[in-house]
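Q: Here it is, the structure, as structure tokens.
The values are calculated or read from the model by the stated rules, or taken from the named source; none is laboratory data. Everything numeric in this text was worked out from a predicted model, so none of it was measured. We place every Cβ from the backbone using ideal geometry, glycine too, and count neighbours over all the protein chains shown.
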Amino acid sequence: MVAASPSGSTPEGYVAGTTTDFSLIKHGESYPQRDFFNSEADYPLYYGGVGIGKTRALVVDFFDYAGRCPGSRQIITEPTWGMVRDVLVPTIEDCYGPQEGVGFSMTRQPPIDVRFPNGSEIWLRSTDVRPERVLGSNVARVGMDEITLGHQEQSFDYLAGRLRQEGFFHQVKCTGTPKGRNWVWKRFIDAPMPGVHVYFAETADNPKLPPNYMQRMLATYGGWDNPLARQELAGQWLQMTGQVFPQFSRAIHVRETDVAWKTLKNRLGGIDFGGVSPTALIACGLDSGDRARAYAEWYKRQATLDETMSAMAHFQVEWGVEKWIADPSGKKEIDLLRKAGFKVSPAKHGNRIMLRVQILGARLNVHPAAKLPGMYISPYCHNLIMEIETLTWKPDVDVDQFERGAPDHAVDALTNVLTEYDGVRAARKGLTEPVLVYGDY
């Protein structure tokens, strides 16, 4: 890849970061966000904790370039189409919404393209397809938002190879929050490729955070002793090892139901579909303090769908389950259950492993002020308790994975429900990956 036009010089009039309204870069002149914006390195990476303005930096940078380099073609990617819709497009609207229709136009259905009166274009794409389907034409620049999520190395290599639009400055800009020692860590941090320049910020470095934001986030992760806090807030590249939920304690979290299940609100059932593996159902509700109560369990290996439906019907009659939240990968099973008359919705976590761990871990954490956890589990949920206690990280892998053979079926069923309670959303103000809407626990 080259960092300039074939002639060896950047386009006339191009000086990085000279014409943008810096009110859109919210963190001040010394903040790494602006340094990333100004970078002319081949492969700049802006990484760190959540809330450091990664998506905004890409959007402002690429709009700036489009305005100053007529006829340029650029592409900004997200790991999924949902993130293009829920993160990237809203960030553009936040930054430039009043200018739409005059300064640029933007389609709203895939493929989503931004076009400027001077002939420049920015294409918004997802990398969760075959790389050659992401892009067919040559471009001047590529921006990959949240490059650490999923498996995007092949897309990175393919897109870098498309930087061939003649007469323009060529560059791949990337952002992300560390997700284990994966390929990004290897190629940008451990043994950097030629042309790499790294810009880093912790969540606490952002002076524009809402009041008590860091305190709430630390409480959610269980403090700095929890490796997830060091990864998500301090931007550390960790190799997850050991117990997935070290904060779990039978003495704290397991208790007899001291409230009748009929007094619980929002009674939901979680489903994790098995085959040869067990199928798991978990009944859960919220008490008057909005603490989750897992109060019933069904767990069966090689369960047929008829057996599962029979158990679901029993849960509705005996345990008052009002609605079911299912494994989103079980689309066929969800459709059959709906046809059988069950109210079933797919869980909103998209099966992202670290998000599921965060969801359950946030509920297991003991709130420092109240000295109480965010949930309790009935001692009759034997398999759920066993799985939480024994679930461990798989060592020596490039991405975060659970240890092979460690059962997580009841854990997944519970997490499906907790996702519904705690509201996974894509934040629009600088947080570029789905986060929790935290309860006061």
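Q: Restricting the first residue to the range 360-385 and requiring it to be in the same structural domain as residue 255 (by TED's automatic domain parsing) and more than 16 Å from residue 215 (Cβ to Cβ), which pairs with a second residue that is assigned to a strand (DSSP E or B) and hydroxyl-bearing (Ser, Thr, Tyr) meet a Cβ separation below 7 Å and a spacing of at least six or different chains?
A: Close Cβ pairs satisfying both conditions: 378/295; 383/299.
To keep it simple, each residue is scored yes or no on (1) closer than 28 Å to residue 237 by Cβ; (2) touching a Gly at 6+ places or on another chain (Cβ under 9 Å).
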| site | (1), (2) |
| --- | --- |
| 82 | yes, yes |
| 91 | yes, yes |
| 96 | no, yes |
| 101 | no, no |
| 106 | no, no |
| 127 | yes, yes |
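Q: Mind checking which residues of the range 270-289 are closer than 18 Å to residue 374 by Cα and touching a helix residue (DSSP H, G or I) at 6+ places or on another chain (Cβ under 8 Å)?
A: Step one: filter the range 270-289 for residues closer than 18 Å to residue 374 by Cα, giving 270, 282-289.
Those that are closer than 18 Å to residue 374 by Cα and touching a helix residue (DSSP H, G or I) at 6+ places or on another chain (Cβ under 8 Å): 270, 282, 283, 284, 285, 286, 287, 288.
Q: Which number in (1) in a helix (DSSP H, G or I); (2) in contact (Cβ under 8 Å) with a residue 60 or more places away in the chain; (3) among the acidic types (Asp, Glu) marks the one condition that residue 307 misses?
A: (2)
Q: Within the range 39-63, how many residues turn out to be assigned to a loop (DSSP other than H, G, I, E, B) and of a type in the set (A, V, I, L, M)? Give the steps one after another, and end with the answer.
A: Of all residues in the range 39-63, those assigned to a loop (DSSP other than H, G, I, E, B) come to 39-42, 49-53.
Restricting the remaining residues to those that are of a type in the set (A, V, I, L, M) gives 41, 50, 52.
Count: 3.
Q: Please work out if residue 66 is touching a residue at least 60 places away in the same chain (Cβ under 8 Å), outside any strand (DSSP E or B) and assigned by TED's automatic domain parsing to the domain that holds residue 162. So that I can check it myself, show each step before the final result.
A: Details: touching a residue at least 60 places away in the same chain (Cβ under 8 Å): no; outside any strand (DSSP E or B): yes; assigned by TED's automatic domain parsing to the domain that holds residue 162: yes.
No.
Q: Only residues that are assigned to a loop (DSSP other than H, G, I, E, B) and closer than 19 Å to residue 411 by Cβ: list them for the range 320-332, please.
A: At the first step, the residues of the range 320-332 found to be assigned to a loop (DSSP other than H, G, I, E, B) are 320-322, 327-330.
Listed by number, the residues that qualify are 321, 327, 328, 329, 330.
Q: How about the range 95-192: which strands (runs of 3 or more DSSP E) wholly inside it have at least 2 residues that are in contact (Cβ under 8 Å) with a residue 60 or more places away in the chain? Lay out the reasoning, then the answer.
A: Numbers: elements: 112-115, 121-126, 141-144, 171-176.
Answer list for the range 95-192: 141-144, 171-176.
Q: While we're looking at this one, here's another question. How many residues, within the range 284-324, are more than 16 Å from residue 377 (Cβ to Cβ) and in contact with a Lys or Arg (Cβ under 7 Å, 6 or more places away or on another chain)?
A: 6
Q: Would you tally the residues in the range 193-221 being part of a loop (DSSP other than H, G, I, E, B), within 13 Å of residue 49 (Cβ to Cβ) and of a type in the set (A, V, I, L, M, F, W, C)? Give the derivation first.
A: Filtering the range 193-221 for residues part of a loop (DSSP other than H, G, I, E, B) gives 193-195, 202, 206-212.
In the following step, the residues that additionally are within 13 Å of residue 49 (Cβ to Cβ) were identified as 202, 206, 209.
Now restrict to residues that are of a type in the set (A, V, I, L, M, F, W, C): 209.
Qualifying residue count, the range 193-221: 1.
Q: I need the full set of residues from the range 74-118 which are under 28 Å from residue 166 (Cβ atoms) and among the aromatic types (Phe, Trp, Tyr), in order please.
A: Within the range 74-118, 96, 104, 116 qualify.
Q: For the condition surrounded by fewer than 20 Cβ atoms within 10 Å (Cβ to Cβ), aromatic (Phe, Trp, Tyr) and either not in a helix (DSSP H, G or I) or not assigned by TED's automatic domain parsing to the domain that holds residue 420 (or both), what is the one hit in 224, 298?
A: Details: 298 fails: surrounded by fewer than 20 Cβ atoms within 10 Å (Cβ to Cβ).
Checking each option against the conditions leaves just 224.
Q: Taking the conditions exactly as written (surrounded by fewer than 20 Cβ atoms within 10 Å (Cβ to Cβ), in contact (Cβ under 8 Å) with a residue 24 or more places away in the chain and in a strand (DSSP E or B)), does residue 276 satisfy them or not?
A: Numbers: surrounded by fewer than 20 Cβ atoms within 10 Å (Cβ to Cβ): yes; in contact (Cβ under 8 Å) with a residue 24 or more places away in the chain: yes; in a strand (DSSP E or B): no.
Answer is no for this residue.
Q: I'm checking my understanding of the structure. Among residues of the range 186-209 that are surrounded by fewer than 20 Cβ atoms within 10 Å (Cβ to Cβ) and in contact with a Ser or Thr (Cβ under 9 Å, 6 or more places away or on another chain), which one is modelled with the highest pLDDT?
A: Filtering the range 186-209 for residues surrounded by fewer than 20 Cβ atoms within 10 Å (Cβ to Cβ) gives 186-187, 189-198, 200, 202, 204-205, 207-209.
Now restrict to residues that are in contact with a Ser or Thr (Cβ under 9 Å, 6 or more places away or on another chain): 197, 209.
Working: 197: 94, 209: 86.
Here the answer is 197.
Q: Quick one: which residue in 173, 179 is in contact with a helix residue (DSSP H, G or I) (Cβ under 8 Å, 6 or more places away or on another chain), modelled with pLDDT of 95 or more, assigned by TED's automatic domain parsing to the domain that holds residue 40 and at negative phi?
A: Numbers: 179 fails: modelled with pLDDT of 95 or more.
Being in contact with a helix residue (DSSP H, G or I) (Cβ under 8 Å, 6 or more places away or on another chain), modelled with pLDDT of 95 or more, assigned by TED's automatic domain parsing to the domain that holds residue 40 and at negative phi holds for just one of 173, 179, which is 173.
Q: Right, here's the next one. If you take the residues in the range 69-118 that are of a type in the set (Asp, Glu) and surrounded by fewer than 18 Cβ atoms within 10 Å (Cβ to Cβ), which one is farthest from the chain's Cα centre (by Cα)? Steps first, answer last, please.
A: Residues of the range 69-118 of a type in the set (Asp, Glu): 78, 86, 93-94, 100, 113.
Among the residues that remain, those that are also surrounded by fewer than 18 Cβ atoms within 10 Å (Cβ to Cβ) are: 86, 93-94, 100, 113.
Values: 86: 11, 93: 20, 94: 20, 100: 28, 113: 23 Å.
Among residues in the range 69-118 that are of a type in the set (Asp, Glu) and surrounded by fewer than 18 Cβ atoms within 10 Å (Cβ to Cβ), the one farthest from the chain's Cα centre (by Cα) is 100.
Q: Then there's this: Tell me the residue from 353, 359, 325 that is modelled with pLDDT under 90, aliphatic (A, V, I, L, M), within 22 Å of the chain's Cα centre (by Cα) and over 17 Å from residue 277 (Cβ atoms), please. Please lay out each step first, then the result.
A: Values: 353 fails: over 17 Å from residue 277 (Cβ atoms); 325 fails: modelled with pLDDT under 90.
It is 359.
Q: Quickly run through the range 319-346 and pick out the residues that are of a type in the set (Asp, Glu) and in contact (Cβ under 8 Å) with a residue 60 or more places away in the chain.
A: So the first thing to find is which residues in the range 319-346 are of a type in the set (Asp, Glu), and the list is 322, 327, 333, 335.
Matches in the range 319-346: 327, 333.
Q: Taking into account only those residues within the range 45-68 that are surrounded by fewer than 24 Cβ atoms within 10 Å (Cβ to Cβ) and more than 13 Å from residue 143 (Cβ to Cβ), which is nearest to the chain's Cα centre (by Cα)?
A: 50
Q: Considering every residue within the range 145-153, establish whether at least one is over 29 Å from residue 50 (Cα atoms) and surrounded by fewer than 24 Cβ atoms within 10 Å (Cβ to Cβ). If you could, list the steps in order and put the result at the bottom.
A: We begin by selecting, within the range 145-153, every residue over 29 Å from residue 50 (Cα atoms); these are none.
No, the range 145-153 has no match at all.
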